[in-house]
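Below: the structure, in structure tokens.
Just so it is clear, none of the values below were taken in a lab; they were calculated from the coordinates. Keep in mind the model is a prediction, meaning the values are calculated, not measured. Note: ideal-geometry Cβ built from the backbone for every residue, glycine included; neighbour counts use all protein chains shown.
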Amino acid sequence: MSKKAQLIWNFNGQDSLKTAEHHLVHLKEFAQIEALPLLKSGVNKTSTLSCEAFIVVEMEWVEKLRTRLKPNKGFVVD
């Protein structure tokens, strides 16, 4: 079983949910253009004024995505 990583982009403010959802659309478009297999993607509401968009990918993609998409954080997932 190969390792996976979750990459996260944080958004704050009254419109954070809308912004995170919109950012996720662009992440999915990027994945389609680059033939990037997304294992999972979504939006999490972390508080009333904070949300995050995330994708889960195989570890082999992490360096390329960190350089090109500049996520706010990331970590290894099972």
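Determine, for each peptide in 10-19, 38-47, the mean count of other beta carbons within 10 angstrom over its residues, then list the peptides with the highest first.
10-19, 38-47
Once you charge only the Cβ atoms, +1 for Lys and Arg and -1 for Asp and Glu, what is the size of the charge dipole of the chain about its Cα centre, to the nearest 20 debye?
Dipole of the chain, to the nearest 20 debye: 120 debye.
Which whole-angstrom value gives the distance between the alpha carbon centres of segment 1-42 and segment 47-78?
Each part reduced to its Cα centre gives a spacing of 7 Å.
Would you mind calculating the relative contact order of the chain from Cα pairs under 8 angstrom and at least 6 residues apart, reporting the percent as a whole number?
Numbers: 129 pairs, mean separation 37.6, N = 78.
Computed value for the chain: 48 percent relative contact order.
Report, ordered by chain and residue number, the aspartates and glutamates lying within cross-link reach of residue 64, taken as a straight Cα distance under 19 Å and ignoring same-chain residues fewer than 8 apart.
Residue 64 reaches 29, 34.
Full-extension gain between residue 64 and residue 15, please, as 0.36 nm times their residue separation minus the C-alpha to C-alpha distance.
Separation in residues times 0.36 nm, less the Cα-Cα distance, equals 14.8 nm.
Provide the gained length on full extension for the span residue 36 to residue 8, in nm with one decimal, where the gain is 0.36 nm per separating residue minus the Cα-Cα distance. Show your work: numbers first, answer last.
On the way: separation 28, 0.36 × 28 = 10.08 nm, distance 1.61 nm.
Extending this stretch completely gives an extra 8.5 nm.
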